[in-house]
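Notes to accompany the following structure.
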Amino acid sequence: MTTRSLKAEHLFSSQCMLGESPFWHAKRQSFFWVDIENGKLFEHNLSAEMTTLVKTFPHRLTLVLAGKDNDLILALDRKIASYDRESEELKWLAEVESDLPINRFNDGKCDAKGRLWIGTLSREFTEGAASLYKIGPNLKPEKMLDKLTISNGIAWTEDNQTFYHIDTPTLQIKAYRFELGSGQIEFDRIAIEIPEELGSPDGMCIDQEGMLWVAHYGGSGVYRWNPMTGKLIEKIELPVPNVTSCAFGGENMNMLLITSAQENMSSEDLKSYPKSGDVFLVKTETKGIDANRFLY
């Protein structure tokens, strides 16, 4: 199963209830991530100072990305906002599912045209209650997929021909034909079927070789899959069961930041896995692809 052994370094004791949305900000030379349930935004600078800044919002904070100039893009409950890191000014940009108060945003990414793709879920995990939206420069959300349950990991191939998406309970990664100009998708195939004993697929990212790095919730690791063959290539073992997402970053785009969660764990579980909710860093032998900004 394993072609090479990758060692995970414990980076920061963030102790997140639900750590998610790792993101590399090249200009700031920082990794960002969030604690969804506690509304916390973390920024860890990889310079010599290795400082970690924390900001708390009175919302569930599910996503952080780059926007215009120095602004960050945040997903807060069911709304998208721009956030100025220096002035701390928050500007609301878009909203979805205002008629579904127990729904919230979940995972998302921007395509090569700068459109934001972001999914939802019901906090009761109601089957079929979630959707995937595309938000372009007009800031009007367009529903791209519906009848989902936990809209999760997103990735595009470097040639922008294929879009990958995870609806976690299906234990599948689906591949869609992607048209960059129009931003339309068409179902192509089930690229990967995750065996139940390996946990559930959560967040993911793609490397320059076109392989998918998938965080397995309940699977104690990040697994690297070949979406052409559906085969597992390798696994990064982690000292926590609930691994939630991963993203490439660093000066050479060969550092993988990995988030984790404490939710659904008993006090005994947390004694056994005290690093649950923390973030980890792994140096890989492959490189990732820079994240796109939201252009609006």
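Read-outs throughout are calculated quantities, based only on the coordinates presented, and are distinct from any laboratory measurement. From a predicted model like this one, the values you see are computed outputs, not experimental measurements. As a convention, Cβ positions derive from the backbone with ideal geometry for all residues, glycine included, and neighbour counts pool all protein chains shown.
State the extension gain, in nm to one decimal, for the chain segment bounded by Asn264 and Asp146, taking 0.36 nm per residue of separation less the distance between their alpha-carbons.
Values: separation 118, 0.36 × 118 = 42.48 nm, distance 2.65 nm.
Fully extending the segment from Asn264 to Asp146 adds 39.8 nm.
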Rounded to the nearest 20 debye, dipole of the chain from Cβ charges on Lys, Arg, Asp, Glu: 360
Between the residues Leu61, Met204, Leu295, the Cα farthest towards the positive end of the dipole of the chain, that dipole coming from +1 and -1 charges on the beta-carbon of Lys, Arg, Asp and Glu, is from Leu295
Euclidean distance of C-alpha centroids, segment 1-67 and segment 118-157, integer Å: 22
Filtered hits (lysines, Cα-Cα < 29 Å from Lys235, offset >= 8 within chain) -> Lys7, Lys40, Lys109, Lys174, Lys271, Lys275, Lys283, Lys287
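As a test of the formula, what do you get for the chain when each DSSP H run with n ≥ 4 contributes -39,500 (n - 2.57) and the sum is divided by the residue count, at 222 nm and rounded to the nearest 500 deg cm²/dmol? Please report the intermediate quantities before stating the final value.
Working: 1 runs with 6 residues, N = 296.
Per the formula, -500 deg cm²/dmol.
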Ranked list, fewest to most other Cβ atoms within 10 Å of each Cβ, for Thr162, Thr126, Thr170, Thr244: Thr126, Thr170, Thr162, Thr244
Between Thr56 and Glu88, how many nm apart are label points set 7 Å from Cα along the C-beta direction? 1.2
Tell me, what is the FRET efficiency for Thr229 and Glu179 to the nearest 0.05, using R0 = 35 angstrom and their Cβ-Cβ distance as r? 0.90
Given that just one value was derived from the coordinates, which of [x] -0.22, -0.58, -0.99; [y] -0.30, -0.71, -1.03; [z] -0.21, -0.53, -0.89 is log10 I(q)/I(0) by the Debye sum over Cα atoms at q = 0.07, 0.11, 0.14 Å⁻¹? [x]
Inter-label distance for Leu171 and Phe187, nm, one decimal - labels placed 7 Å from Cα along Cα-to-Cβ: 1.9
Given charges at Cβ of Lys, Arg, Asp, Glu: segment 8-283 dipole, positive-most of Ala247, Ser131, His216: Ser131
Would you give the gap between the C-alpha center of segment 203-232 and the C-alpha center of segment 164-190, rounded to a whole Å? 15
